[in-house]
Amino acid sequence: MCVSEAPPKEIATFGLLANSTAVIIGAMIIAPLMLPIRGLAFGALIGNIILFRKGVIAVFLGTLLALLISCSIGWIVNLPSFGSEVLSRSKPNLLDLGIAVAAGFISGYAKDSGLNKV
């Protein structure tokens with residue numbers, strides 16, 4: 001898990017530091033934490049304690065790894081100020097919540113309907 005987790009986090013961190021929307025979106029596309037988050041939600045939905053526990057552990061470890069990698073890169077680069085991309089992500093609003101809910105719905109629908117096998 002650790003090897004597949006590191007590159008997207010590095011890409012996202014460099015994208016934020018470079019203030020590049022395209023790079024940040026690219027990091028989101030290859031984000032490996034989506035599967036553990038879906039596993040956690042599915043485990044909670046069907047009452048599968050083992051799947052839920054594995055999802056919680058994977059999300060916790062992935063988040064911890066993301067923080068460690070991002071803080072390390074930020075400390076090494078040591079920029080004097082934050083770009084608009086960093087600042088806009090530090091103040092989420094209801095629109096961001098709506099986007100997240102819609103993306104989760106579409107992901108669940110694709111998984112359930114078999115659209116991901118195309």
What list of ³J(HN,Hα) values in whole Hz, one per residue of segment 51-57 in order, does the Karplus curve 6.51 cos²θ - 1.76 cosθ + 1.60 (θ = phi - 60°) give from phi, with Gly and Pro shown as x? 5, 4, 4, 4, x, 4, 4
Over segment 5-89, with every protein chain in place, what whole percent of the accessible area is carbon and sulfur at 1.4 Å, could you tell me? 77
Taking a crude spin-label model, label points 7 Å out from Cα along the C-beta direction, the VAL86 to MET28 distance in nm is 1.9
Once the Cα atoms of helix 94-113 and of the chain are each reduced to a long axis, what angle between those two axes, in degrees from 0 to 90 to the nearest 10, is obtained? 40
Stokes-Einstein D (µm²/s) once Rh is taken as the Kirkwood radius of the chain over alpha-carbon pairs, at 20 °C in 1.002 mPa s: 135
Accessible area (Å², per residue) of the chain, counting only protein heavy atoms and a probe of 1.4 Å: 73
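The values are calculated or read from the model by the stated rules, or taken from the named source; none is laboratory data. Predicted model only: the values in this text are computed from it and were never measured. Don't worry about glycine lacking a Cβ; one is built from the backbone with ideal geometry, like all the others, and counts go over all protein chains shown. When the accessible area is computed, the model is the full protein with side chains, heavy atoms only, and any ligands, DNA or RNA have been set aside. Shrake-Rupley method; radii C 1.70, N 1.55, O 1.52, S 1.80 Å.
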